[in-house]
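Colleague: This structure is in structure tokens; I'll ask about it shortly.
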Amino acid sequence: MDTAIVTGASRGLGLALTRALSDQGWSVVVDARDAQALGRATAGLDGVVAIAGDVADARHRAELVAAAGDAIDLLVNNASALGPSPLPALADLSLEELRRVLEVNVVAPLGLVQEALPRLRDGAAIIDLSSDAAVEPYEGWGGYGASKAALDHMTAILAAERPDLRVYAVDPGDMRTRMHQDAFPGEDISDRPPPEESVPGLLALLRGSLPSGRYRARELTRERA
């Protein structure tokens with residue numbers, strides 16, 4: 001049985017991907033900070049082990065890896081912190097808020113990778129969820145965008161250092177999620193597609209043989225169509 005770790009799985013893309021992996025017979029270890037929300041979201045999903053906690057906590061990361069066992073096929077760094085809402089200009093961004101965003105979006109993913117590396121099978125996949133904010137200078141997105149740009153570059157370096165693994169940074173595109181709503185408080189985001197529409201691209205990446213690199217999830221399915 002294939003085994004995965006997916007962080008931030010109580011809602012949004014993390015939950016949508018977890019459901020898809022469960023449907024395909026994977027064993028999936030998932031987390032989120034809200035234990036009740038995580039329990040409700042994953043109730044009834046076959047093969048899913050839910051462990052509540054904060055990915056910024058090293059002990060929690062060790063728990064996730066231990067629960068996954070000695071042979072891990074997939075690690076998905078999906079959990080992310082947006083920062084303050086409404087999104088402030090860089091001139092007004094609290095440095096404490098910035099540190100938290102960097103801790104969750106950059107330091108924690110590397111910490112989880114480091115913890116999991118001895119248990120990753122040859123050819124295992126690491127997927128770091130990125131954003132177009134990593135490459136586009138959107139006003140107000142300085143903290144989050146900087147964290148995702150750092151994650152992109154870290155992912156690329158890991159790919160160069162570990163050719164035995166498939167290491168991907170993936171931009172899932174705009175999605176109708178709570179995080180996206182927090183970025184646009186009071187606005188109607190109902191025109192954004194649900195996160196489920198980004199999942200086929202992630203699955204195509206897992207099934208395929210594309211080299212390590214940065215990809216857009218929805219382009220992966222268009223290319224296969």
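Colleague: Does any residue in the stretch 140-154 that is under 19 Å from Pro84 (Cβ atoms) come within less than 7 Å, Cβ to Cβ, of a residue that is outside any helix (DSSP H, G or I) and among the small types (Gly, Ala, Ser) six or more places away or on a different chain, and which pairs are these?
Modeller: Note: pairs meeting the criteria are Gly140/Ala89; Gly143/Gly83; Tyr144/Gly83; Lys148/Ser130; Lys148/Ser131.
Colleague: If you go through the stretch 85-100 one residue at a time, do you hit one that is touching a strand residue (DSSP E or B) at 6+ places or on another chain (Cβ under 7 Å), under 29 Å from Glu187 (Cβ atoms) and touching a residue at least 12 places away in the same chain (Cβ under 8 Å)?
Modeller: No, the conditions are met nowhere in the stretch 85-100.
Colleague: Taking the criterion of being at pLDDT below 95, β-branched (Val, Ile, Thr), touching a helix residue (DSSP H, G or I) at 6+ places or on another chain (Cβ under 8 Å) and surrounded by fewer than 17 Cβ atoms within 10 Å (Cβ to Cβ), would at least one residue in the stretch 206-224 satisfy it?
Modeller: No; the residues of the stretch 206-224 include none that is at pLDDT below 95, β-branched (Val, Ile, Thr), touching a helix residue (DSSP H, G or I) at 6+ places or on another chain (Cβ under 8 Å) and surrounded by fewer than 17 Cβ atoms within 10 Å (Cβ to Cβ).
Colleague: Restricting the search to the stretch 1-26, which residues are surrounded by 20 or more Cβ atoms within 10 Å (Cβ to Cβ) and of a type in the set (Ser, Thr, Tyr)?
Modeller: Of everything in the stretch 1-26, those that are surrounded by 20 or more Cβ atoms within 10 Å (Cβ to Cβ) and of a type in the set (Ser, Thr, Tyr) turn out to be Thr3, Thr7, Ser10, Thr18.
Colleague: Among the residues of the stretch 134-181, what is the count of those that are at pLDDT 95 or above and not in a helix (DSSP H, G or I)?
Modeller: Selection size over the stretch 134-181: 18.
Colleague: Oh, and also: Here is a list: Ala79, Ala116, Ala56, Ala62. Which entry is small (Gly, Ala, Ser), assigned to a helix (DSSP H, G or I), closer than 27 Å to Gly173 by Cβ and touching a residue at least 12 places away in the same chain (Cβ under 8 Å)?
Modeller: Unique residue meeting the criteria: Ala116.
Colleague: Would you tally the residues in the stretch 69-106 being surrounded by fewer than 23 Cβ atoms within 10 Å (Cβ to Cβ), more than 19 Å from Asp132 (Cα to Cα) and more than 16 Å from the chain's Cα centre (by Cα)?
Modeller: 12
Colleague: Within the stretch 119-139, how many residues are surrounded by 16 or more Cβ atoms within 10 Å (Cβ to Cβ), touching a residue at least 24 places away in the same chain (Cβ under 8 Å) and closer than 20 Å to Ser198 by Cα?
Modeller: 8
The values are calculated or read from the model by the stated rules, or taken from the named source; none is laboratory data. Not measured: the values here are computed from a predicted model. Glycine gets a Cβ as well: all are built from the backbone with ideal geometry, and neighbour counts include every protein chain shown.
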